[in-house]
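Beneath this line is the structure, given in structure tokens, with notes to follow.
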Amino acid sequence: MTGESWTGEELVERFDRETGARIVVALHSSRLGPPTGGTRMKTYPGEESARRDAMRLAEAMTYKWAAADFPRGGGKAVIAVPHGLGAAARNGLLRRYGALLAELSGRFYTGGDVGTSSADMDVIAETGAPYVFSRTPGRGGAGGSGSWTALGVFAAIETVCERLFGDPSPRGRRIVVQGAGKVGAALIERLAASRARVAAADPDADAVAELRERLGVEVISPEACLEEPCDVFVPCALGGILNADTIPRLNSGAVAGAANDQLAGPDDGMSLLGRGVLYAPDFVVNAGGAVAITGIEALGWSVGRAETAVRAIGGTLRRVLDLAEASRTSTDAAARRLAEERLRRGAAPQAGR
Ligand code: NAI
Ligand code: PHE
């Protein structure tokens, strides 16, 4: 994606001289509400790839909120950091980022994502920026979003199992989870509790070893997990993993996971359809964390209300699969159509912070 082909509203960029980090805040759409999305912190090969990631992820947030029928707009922040940033320097950077959010005065609200935690949200909010969700409960926030996202992915896996086998229960199904981080680990716990046959892959050997000891899950190599024979392949790591190279090698009945931007390009949804792999669109499946945390913190939802909203992801996915079948299109195209209809209609009348 280039600046010219991006359909977003605004890019805000800062170079942080103290650390050499680059901050990119991509505001994609305020059509349904204030742009809201996580802050991703990682090392990128160059500033253009950081910018591109922010733009793509912000657009995905627009579709995520719309598909979930939630009154927020699409935005995302990327903090591209140099290798080996020390803890003190990182904290200073987060504070200066908080000052930038305060300056934006409500044009962007954020939460956690890859490379950031609830404790980081506490630091960002210390500058006085009130635009930070997902702080720790001790600081008045609703905590991390990972387990909520995992609950939504679990609901999506149930819908996928129902489609493939006529029974929503993942019990006895072989499920391969790529990435055992905040979302992946919480999901693996749920799947293990429901007696699925889970295999997990993560380059962080300690993370998967702990899951093997505690839950008895099988550990497989990150390199081989894409080709592993299974009922459902569950991407919970980084984006772009479904592409012209990997789709022909998939050995699963379905793909349903949390990772943002799983399809490398617009044709990959059709390639999956052509290969007979049921693809559950990422931005439908992974909305649980954003919806629950923002619902609790900005709309005053109870935990029970949030749980109902997140479980509803299973029903939304069912609608998307029906729509795709009826119109003989890819599930990704069907989900986009559903979201675009909501974008055209505008926000439902619900108060937001
Ligand atoms: P995380 O950073 O906690 O976990 C990611 C895990 O993936 C790490 O353990 C990492 O070692 C592993 N990993 C990296 N490369 C891998 C590879 N090649 N093969 C296997 N594992 C690999 O991130 P988190 O929060 O769990 O998010 C995972 C994905 O889900 C990201 O794409 C994120 O944007 C997306 N997501 C997260 C949400 C949340 O609530 N945390 C909400 C919606 C989407
Ligand atoms: N990382 C979340 C996502 O990609 C974004 C988010 C988390 C937004 C928490 C708000 C609150 O969906």
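Quick note: the coordinates plus some simple rules give every number you see, no bench work behind them. Everything numeric here is computed off the predicted structure, so don't read it as measured data. Don't worry about glycine lacking a Cβ; one is built from the backbone with ideal geometry, like all the others, and counts go over all protein chains shown.
Among the residues making up the range 248-268, those that are within 13 Å of ligand 1 (Cβ to nearest atom) and either over 18 Å from residue 238 (Cα atoms) or of a type outside the set (A, V, I, L, M, F, W, C) (or both) are 257, 260, 261, 262. Residues that are under 23 Å from residue 238 (Cα atoms), within 15 Å of ligand 2 (Cβ to nearest atom) and of a type outside the set (Phe, Trp, Tyr) within the range 92-111 comprise 110, 111, listed in sequence order.
Would you please name the residue that is surrounded by the fewest Cβ atoms within 10 Å (Cβ to Cβ), looking only at residues in the range 214-227 that are away from ligand 1 (no atom under 12 Å from the Cβ) and more than 13 Å from residue 184 (Cα to Cα)? That would be 216.
Residue 140 fulfils the conditions (1) on the phi > 0 side of the Ramachandran plot; (2) of a type outside the set (A, V, I, L, M); (3) surrounded by 19 or more Cβ atoms within 10 Å (Cβ to Cβ) except for a single criterion, (3).
None of 255, 284, 277, 320 is within 16 Å of ligand 2 (Cβ to nearest atom) and not acidic (Asp, Glu) except 284. Any chance the range 61-82 includes a residue that's in contact with a helix residue (DSSP H, G or I) (Cβ under 8 Å, 6 or more places away or on another chain), more than 14 Å from ligand 2 (Cβ to nearest atom) and more than 30 Å from residue 338 (Cα to Cα)? Yes, the conditions are met somewhere in the range 61-82. Against the test of being farther than 25 Å from residue 149 by Cα, touching a residue at least 40 places away in the same chain (Cβ under 8 Å) and of a type in the set (Val, Ile, Thr), the options 43, 62, 7 yield a single qualifying residue, 7. Taking each residue of the range 171-198 that is more than 17 Å from residue 252 (Cα to Cα) and looking for partners that are of a type in the set (Asp, Glu) with beta-carbon atoms closer than 6 Å, six or more apart or interchain, yields 180/202.
Looking at the range 200-211 only, could you name the residues that are more than 21 Å from the chain's Cα centre (by Cα) and closer than 19 Å to residue 170 by Cβ? If the condition is that a residue be more than 21 Å from the chain's Cα centre (by Cα) and closer than 19 Å to residue 170 by Cβ, then 211 is the only one that fits. Condition check for residue 114 on (1) aliphatic (A, V, I, L, M); (2) within 16 Å of ligand 2 (Cβ to nearest atom); (3) part of a helix (DSSP H, G or I): one failure, at (3). Screening the range 257-267 for residues that are without any contact (Cβ under 8 Å) to a residue 60 or more places away in the chain and touching a strand residue (DSSP E or B) at 6+ places or on another chain (Cβ under 8 Å) and picking the one that is farthest from residue 115 (Cα to Cα) gives 264. Elements of the type helices (runs of 4 or more DSSP H) sitting completely within the range 252-336 and holding at least 2 residues that are more than 21 Å from the chain's Cα centre (by Cα) and closer than 30 Å to residue 54 by Cβ: these cover 268-274, 313-327. None of 63, 44 is among the hydroxyl-bearing types (Ser, Thr, Tyr) and over 23 Å from residue 309 (Cβ atoms) except 44. Selection of the range 127-164 for residues being closer than 19 Å to residue 300 by Cβ, within 13 Å of ligand 2 (Cβ to nearest atom) and of a type in the set (Gly, Ala, Ser) yields 134, 141, 142, 143, 145.
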